[in-house]
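S.K.: Could you have a look at this structure, given as structure tokens, before my questions?
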Ligand SMILES: [Mg+2]
């Protein structure tokens, strides 16, 4: 089935996000979710939807730059062209534009959505290598707050059914040992603890020391302890610590992944379409990591339900994601009062239900769209 693209539209949207318990990491505070929503329409009138989940500190993109890139730079190259597969359109985008992964991903996700909708199929049915999981457990981020506030948030999320807590760590002046100890004392052995330093430890020694101090509180994963452009340093930390390493900032692209595999720098790959510059790339990277003996978990830039739908599809459909062992960053329900999609993605028992229906199973709530 071919797609001839008739139009690509992007609009910027503010999604009100909770300020109480806002995610604060070593990179800063997630104050606002100002993203771009993308609608792709083909010559037959079929539509697909995507979200550019932009944060300048993360990928160098804002909603405005993404919108401009999409409408003024990429759309003129894609509109009127015919593709047999979203991968062809993504190759054209990658050939024309370096980086800007979240902008490209919004179009690529919309194309997957459109292709599946035209077939009356779910994207999951096009990619699954196992019986898709109907429910995915969520891992929820707790910002770098003092111990008392850290415990309050941990209690709130645990009461919502969340078993895997991801503590942001590495902010100077805050005692991570006291924070994790306080939560273990308050909640006992049940919650699974993971930490995410967002690259805060400047050397392998500093990272190893920080992890060793937290070992008494039973860590299941250590996420990106070292700076994003230092894959060799991450590999050294992995050799020197007993806790599995989850690579996040150090692997955005398929090329980064090859380097990380060569250096055996990680155990678990954090993956999601925006970071990878396309659903197509996420799919290939998940398969590549699995072939190298690694596994995957979904990471996040605090997507709304629109962005999450494609992430859930990957986690649900692919055996590279052992979701029973490693929960995924699918936490929109705990940070947004209102869903960005119709239907909303349902939160249940500390996780999310995989949307059913054609495409990724959701459409933007604010538009005149029908699922
Ligand atoms: Mg991370």
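The values are calculated or read from the model by the stated rules, or taken from the named source; none is laboratory data. In this text, all values refer to a predicted model and were calculated from it rather than measured experimentally. Reconstructed Cβ throughout: ideal geometry from the backbone, glycine too, with neighbour counts over all protein chains shown.
S.K.: Any idea which residue in the range 150-176 is nearest to the ligand (Cβ to nearest atom), counting only those that are farther than 20 Å from residue 333 by Cβ and free of Cβ contacts under 8 Å to residues at least 24 places away in the same chain?
M.R.: It comes out as 172.
S.K.: Which is surrounded by fewer than 24 Cβ atoms within 10 Å (Cβ to Cβ), under 18 Å from residue 222 (Cβ atoms) and assigned by TED's automatic domain parsing to the domain that holds residue 232, of 248, 264, 329?
M.R.: Residue meeting the stated conditions: 264.
S.K.: For a quick check of your reading: which strands (runs of 3 or more DSSP E) sit entirely within the range 214-284 and have at least 2 residues that are within 14 Å of the ligand (Cβ to nearest atom) and within 30 Å of residue 116 (Cα to Cα)?
M.R.: On the way: elements: 219-223, 245-247, 268-271.
In the range 214-284, 268-271 are the strands (runs of 3 or more DSSP E) which contain 2 or more residues that are within 14 Å of the ligand (Cβ to nearest atom) and within 30 Å of residue 116 (Cα to Cα).
S.K.: Do you know which residues across the range 9-55 are on the phi > 0 side of the Ramachandran plot and in contact with a strand residue (DSSP E or B) (Cβ under 9 Å, 6 or more places away or on another chain)?
M.R.: Within the range 9-55, 21, 45 meet the criteria.
S.K.: Looking at the range 168-203, which of its residues are part of a loop (DSSP other than H, G, I, E, B) and either in contact with a strand residue (DSSP E or B) (Cβ under 6 Å, 6 or more places away or on another chain) or not assigned by TED's automatic domain parsing to the domain that holds residue 147 (or both)?
M.R.: 169, 191, 198
S.K.: Could you grab me the full set of residues in the range 1-41 that are touching a residue at least 60 places away in the same chain (Cβ under 8 Å) and assigned to a loop (DSSP other than H, G, I, E, B)?
M.R.: Hits for the range 1-41 are 1, 2, 16, 17, 18, 21, 22, 23, 26, 27, 30.
S.K.: A follow-up question, please. Which residues, counting only those in the range 1-59, are more than 16 Å from the ligand (Cβ to nearest atom), closer than 23 Å to residue 146 by Cα and crowded, with 17+ Cβ neighbours inside 10 Å?
M.R.: 17, 21 - these are the residues of the range 1-59 that are more than 16 Å from the ligand (Cβ to nearest atom), closer than 23 Å to residue 146 by Cα and crowded, with 17+ Cβ neighbours inside 10 Å.
S.K.: Kindly provide the set of residues from the range 215-242 that are surrounded by fewer than 23 Cβ atoms within 10 Å (Cβ to Cβ) and closer than 16 Å to residue 172 by Cα, ordered by number.
M.R.: 227 - this is the single residue of the range 215-242 that is surrounded by fewer than 23 Cβ atoms within 10 Å (Cβ to Cβ) and closer than 16 Å to residue 172 by Cα.
S.K.: Continuing with the same structure: If you take the residues of the range 285-304 that are in contact with a helix residue (DSSP H, G or I) (Cβ under 7 Å, 6 or more places away or on another chain) and part of a helix (DSSP H, G or I), which of them is surrounded by the most Cβ atoms within 10 Å (Cβ to Cβ)?
M.R.: Filtering first and then ranking leaves 286.
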